[in-house]
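Asks: Can you keep this structure in mind? I'll have questions shortly.
Values quoted throughout were computed directly from the atomic coordinates according to the rules given, and no laboratory measurement underlies them. Computed from a prediction, not measured in an experiment: that's the story for all the values here. All Cβ positions, glycine included, derive from the backbone under ideal geometry; neighbour counts span all protein chains shown.
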Amino acid sequence: MEEKNYQHNTKERADHRLKKNKQFNYIFRKGEKYHTKNFNLYVVKSKYKTYKIGYSISKKEGKANQRNLLKRRMKEIIRINNLPKDNHNYIIQAKAKACDLDYKQIETQLIKLFSEKE
RNA sequence: GCAGUUAUGCAGACAAUCGCGUCCUUCUUUAGAGGAUGAGGAAAGUCCGAGCAUCAAGAGAACUGGGUGCCGAUUAACGAUCGGCGGGGGUGACCCUAGGAAUAGUGCAACAGAAAUAAACCGCCAGAAAUGGUAAGGAUGGAAAGGUGGUGUAAGAGACCACCGCUUAGUUAGGGAUAACUAAGGCUCUGUAAACUCCACCUGAUGCAAGGUCAAAAUGGCAAUAGUGCUUGUUCUCUCACGCCAUGAAUGAACCGCUUGAGCUUAUUGGUAACAAUAAGUCUAGAUAGAUGAUUGUCAAAUACAGAACUCGGCUUACAGCAUAACUGGCCAG
RNA sequence: GCUGAUGUGGCUUAGCAGGUAAAGCACUGCCUUGGUAAGGCAGAGAUCACGGGUUCGAGUCCCGUCAUCAGCU
């Protein structure tokens, strides 16, 4: 049953978000790292049957509205392309002025990241 | 048409597909479906002023610290706003202005210059010289002993005169800052208070991460009529209050605070204006890793600065592309 | 969200009641040594974060921006 629900609900819901500061710290310490030019990916195996994603953009990258826009675009890309294939915990960290990128540039880089992980 | 000044407004709209926060309805309770609604002129900086909350409650005095500073009005309040006055800038429309007191006292004014708050280097005049008189001219400086022109004189000097400036007094106008006029003084009185200071007025501190609810029993430590806490800069007077702290106990954004408010829109009236009064209508985000995105089409082009976090009133800073109104300048053409 | 602090040569710091910006390390040249280090002598290097104001004159006083760094669940 749960598997079916998971297949249907590909959208980004609250269930699929990391929220606690503890979890973030844990994943930053223990996770495996993958890089592209503007993004880092941290992955840790989860004990639950769903995946979770957190987004991390530091204040240095841009002003508040730019950071919000980047986060929305990342969420949108992950929702449409259905990127996370395993039930792990992920953090995507933006760096190196990722706020200046287009939607399409972000898309290619994120797809690259997840394929590298495979 | 060109250059400019001031004020005001907009800050994409519509359609389609997928997707997000909150609320409501429904059936069902892991969840789904439908509907409504969903960021700004600065939401920013956190520079001022308020509400609200806590510091157990309150009245007062002294000192200290901080702020404001032409006049009148507006406002819940303000360092804000409006209208004036004085000063400065611009050909002009118009703009800028922390603008009380320098005879209460103290400090500072480098270098240059003879000399910087105090008189004499060169000079001019008299004289044989010693010396005396003088401040017109010279050089320095931000500032040099009222300025310009004349009379006068040995040479000169407010010594005297005219105009201008300054100080004091008076009259008139004005609600006042102040202005105009008259008379006198003959000029004695450098600048700096955004240096200390004086004068007048204002001022407790901390901030929603404030603070409250769930929250009780029980145990341990300290204290015992003195102690603790007192208006969180210090000291004092008076009315006072009470056992205090830790564990229990959960670092949880779980619930409240959290959105109806000095609210918004329109009209009328009063006022030069800021603004106020009255009437009618209206409810318009409430998140908590933090809600608005992606793709396509049409409009000439939609692209700037930028994202609510308890709430209001201002200020400051950022800003693509426009639109509207009033006014100024000179040029060209008629 | 709230509250503070700091910006001075390449680096680390001085500087005050406003009057020509100081030191150490580093750098350049010369001396010393057979050579290097150390040492000695000389030299260069700053729009005092940026923009206004007060003042005759601001690194310093006042106001506003920007950047950096701390602290508070």
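Asks: Can you tell me the FRET efficiency between A:D102 and A:K19 if r is taken as the Cβ-Cβ distance and R0 is 22 Å, rounded to the nearest 0.05?
Replies: For A:D102 and A:K19, the calculated efficiency is 0.15.
Asks: Here is a further query. Using modelled backbone amide H atoms (1.01 Å from N, in-plane), which distant-in-sequence or interchain residues come within less than 5 Å of A:I53's amide H?
Replies: Excluding prolines and chain starts, which carry no amide H, the hits are A:R17, A:L18, A:Y90.
Asks: If you stretched the chain out fully between A:K30 and A:S58, how much longer would it get, using 0.36 nm times the residue separation minus the C-alpha to C-alpha distance?
Replies: Between A:K30 and A:S58, full extension yields an extra 8.1 nm.
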